[in-house]
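Beneath this line is the structure, given in structure tokens, with notes to follow.
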Amino acid sequence: MSSLLKIENLSLSINKKLILKNISFTVEEGRLCAFIGSNGAGKTTTIKSIVGLYPYTTGKITINGLDAKDFRSHYALGYVPEKENFPKIKVKRFLDSMNEFYHLDKHKTTETVQKLYKLFKIEGFENANLNKLSSGQKKKILIIQALINNPNLLIMDEPTENMDPDARLVFYDVVNTLKTLKKTILISTHNLDEIQKYVDDVVIVADGEVKFKGDAKSKNLYQMFEKYTGGNKNNQPQEKIIDKSTVLDIFK
């Protein structure tokens, strides 16, 4: 089994502060890897380094056998950022620009986009201004643009954030189907219960370092998260994880 994504000793400093510390892991072909950790652990910074948005200090990133600094490697990549930052542009023009970027067949891409609109229940928004859409609708458009070039490697940062429950189910059905086509997927998420039944592998980061990497099937992601990050001591979502008196003391 080949590695579609390989990260070796990735380190990055911002304003002289070491943010990433020798991050190393691989994601194998046809597998879904959950990339998890507490807020500020270095997940988004790692992802931005992979897709070329941060010039990493040391280390090497390989995408589909090519150095990530080789622009050709990005033609095999689909990326969903954590937060959208759209220009003032209509949905159709935005997706057309992605088509142009990847030098795709316009007719074939139009058919693909129409099918994805229907799949994610966002038909009729082609001429809408992206900035006027709801946060959940924007996320759907970001997912569509990540799939438009039929990538071998998908990297997604909180892809279901702000999406409605039905759209989340559709998203993971799509992802699970893509795995059968040998697509390779890295997803950063805090919704561990959501990704649990689909995940093959997990990479857990804390304080800019990889604390665990390996198989996640038949394992409890909440328990692993707590073990390697010092997170939720109860290991599962609970109705009560704090003493009520603590809250009452604040707001009395």
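The values are calculated or read from the model by the stated rules, or taken from the named source; none is laboratory data. What you see is a predicted model, and the numbers here were worked out from it, not measured in a lab. Don't worry about glycine lacking a Cβ; one is built from the backbone with ideal geometry, like all the others, and counts go over all protein chains shown. Note: areas computed on protein heavy atoms with side chains; ligands, DNA, RNA excluded. Shrake-Rupley method; radii C 1.70, N 1.55, O 1.52, S 1.80 Å.
Remarks
- Of everything listed in (1) modelled with pLDDT under 90; (2) under 15 Å from the mean Cα position of the chain (by Cα); (3) of a type in the set (D, E, K, R), the single unmet condition for LYS88 is (2).
- Subset of region 50-81 that is aromatic (Phe, Trp, Tyr) and touching a residue at least 24 places away in the same chain (Cβ under 8 Å) - its residue that is most open to solvent (accessible area, probe 1.4 Å): TYR75
- Taken over region 32-49, the criterion of being open to solvent by less than 20 Å² (accessible area, probe 1.4 Å) and either in a loop (DSSP other than H, G, I, E, B) or at pLDDT 95 or above (or both) is satisfied by LEU32, CYS33, ALA34, PHE35, ILE36, GLY37, ALA41, GLY42, LYS43, THR46, ILE47.
- Filtered residue count, region 103-120, keeping only those that are surrounded by 13 or more Cβ atoms within 10 Å (Cβ to Cβ) and within 25 Å of TYR172 (Cβ to Cβ): 7
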